[in-house]
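Report on one structure; see the data block that follows.
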Amino acid sequence: MLLQFPRRLDLVRECVGRASLCPSSWTPLIATIAKVLPGAEARLRRIDRDVARRGLMVRRAISVANRTRLRYSESGWQDDFHSRLEPGTVFRLDELDRIARPDLAADGETVGAGLILHDCAQQSWLLTIVAPARRGDEFIPSVLTLLNRLVDDLVPAFLVSHATGSPDQPSRGTIEDVWDRVPAPVMLLTQEMMIEAANVAAEALLHEARYFRRISPNERLMLADCDDGLAIEAAMARILDCRRKSARVTLRGLGRSRSLDLTLRPAGSPMWREQFVPELADPSHVLAVFSEAC
């Protein structure tokens, strides 16, 4: 199926870049995978465990009651009851006994395959593609091919979309490498409007003097028009105070500039941040995506 139509991989890759922006963007990606493999069911799953939360700085268990379930290794606290798998691991649902992770299957799933996107003591995230039982021999080679060819795209895209704004936030280089696949200008802003990351399209946009003042890396986002700057600050405040899940601002710029639309939304996943302490559920970073006004 997939082996006979390799162009279908390109359809998925187009969605991977957009999926790197925020957790909600994974829904269209999952739907595209299902279209590429008709009859299969794709899922993004999170497996939670009742273990101690990670510390913010010293990486130690906070809950004394649960601490006995954990051991410390070079990669941090691990749960002895669950064998750890490296992100990027592709597995078959009918071979879970071999990797000692029966928890990766749900509802008796045995036909299909999956990809480990993230694995730690608190939770695991995986992408699974389940095939109809009667068509397993037909589906499994295609599913494994898709996952193995896209693993280098899917794993960093997932980490950037979910862990940004948390203590697990990837490096600036990783974020920008992933976002460079997005054609629209994208920036990561702190609550002080400092630019923590920007893709190539955003860096080019920042040189537009009609909208922005001259900005160097790691500097505060400065708007050429004061009203534009105030509008962005007000919209960001509503998002960071959890009064809005997204906001749209139209930048007027200077002179007769064509209007520029800006969509703001919280960066990262609140469920991801809650792995550390509940107080981190509130966002601290904002994702800014620019587009030309209609």
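Just a few scattered comments:
- Number of residues in the stretch 242-294 that are open to solvent by less than 50 Å² (accessible area, probe 1.4 Å), without any contact (Cβ under 8 Å) to a residue 24 or more places away in the chain and closer than 15 Å to Pro23 by Cα equals 1.
- With respect to the conditions (1) open to solvent by 10 Å² or more (accessible area, probe 1.4 Å); (2) in contact (Cβ under 8 Å) with a residue 40 or more places away in the chain; (3) in a helix (DSSP H, G or I), Val160 lacks only one, and its number is (1).
- In the stretch 126-157, the residue that is least open to solvent (accessible area, probe 1.4 Å) out of those that are modelled with pLDDT of 90 or more and of a type in the set (D, E, K, R) is Asp153.
- Qualifying residue in the stretch 198-218 (condition: under 17 Å from the mean Cα position of the chain (by Cα), farther than 21 Å from Ala235 by Cβ, of a type in the set (Gly, Ala, Ser) and open to solvent by 10 Å² or more (accessible area, probe 1.4 Å)): no
- For the stretch 179-228, the set of residues classified as on the phi > 0 side of the Ramachandran plot and at pLDDT below 90 consists of Asn218 only.
- Among the residues of the stretch 98-109, those that are touching a strand residue (DSSP E or B) at 6+ places or on another chain (Cβ under 7 Å) and at pLDDT below 75 comprise Asp103, Glu109.
- Among (1) under 18 Å from Arg273 (Cα atoms); (2) assigned to a loop (DSSP other than H, G, I, E, B); (3) of a type in the set (Ser, Thr, Tyr), the one test that Ser124 misses: (2)
- Selection count, the stretch 230-241, where residues are more than 24 Å from the chain's Cα centre (by Cα) and either open to solvent by less than 10 Å² (accessible area, probe 1.4 Å) or among the hydroxyl-bearing types (Ser, Thr, Tyr) (or both): 0
- Residue count for the stretch 163-194 under the criterion of being free of Cβ contacts under 8 Å to residues at least 60 places away in the same chain, outside any loop (DSSP other than H, G, I, E, B) and of a type in the set (S, T, N, Q): the result is 1.
- Per-region count, the stretch 78-97, residues open to solvent by 60 Å² or more (accessible area, probe 1.4 Å) and either part of a helix (DSSP H, G or I) or at pLDDT below 85 (or both): 6
- Test: Gly112 is in contact with a helix residue (DSSP H, G or I) (Cβ under 7 Å, 6 or more places away or on another chain), small (Gly, Ala, Ser), more than 18 Å from Val36 (Cβ to Cβ) and at pLDDT 85 or above: no
- Residues in the stretch 20-49 that are open to solvent by 50 Å² or more (accessible area, probe 1.4 Å) and more than 17 Å from the chain's Cα centre (by Cα): Lys35, Pro38, Gly39, Glu41, Asp48.
The values are calculated or read from the model by the stated rules, or taken from the named source; none is laboratory data. Note that this is a predicted model, so its numbers are computed, not measured. When we count neighbours, we look across all protein chains shown, and the Cβ atoms used for this are built from the backbone with ideal geometry, even at glycine. Surface areas here come from the heavy atoms of the whole protein model, side chains and all, with no ligands, DNA or RNA. Shrake-Rupley method; radii C 1.70, N 1.55, O 1.52, S 1.80 Å.
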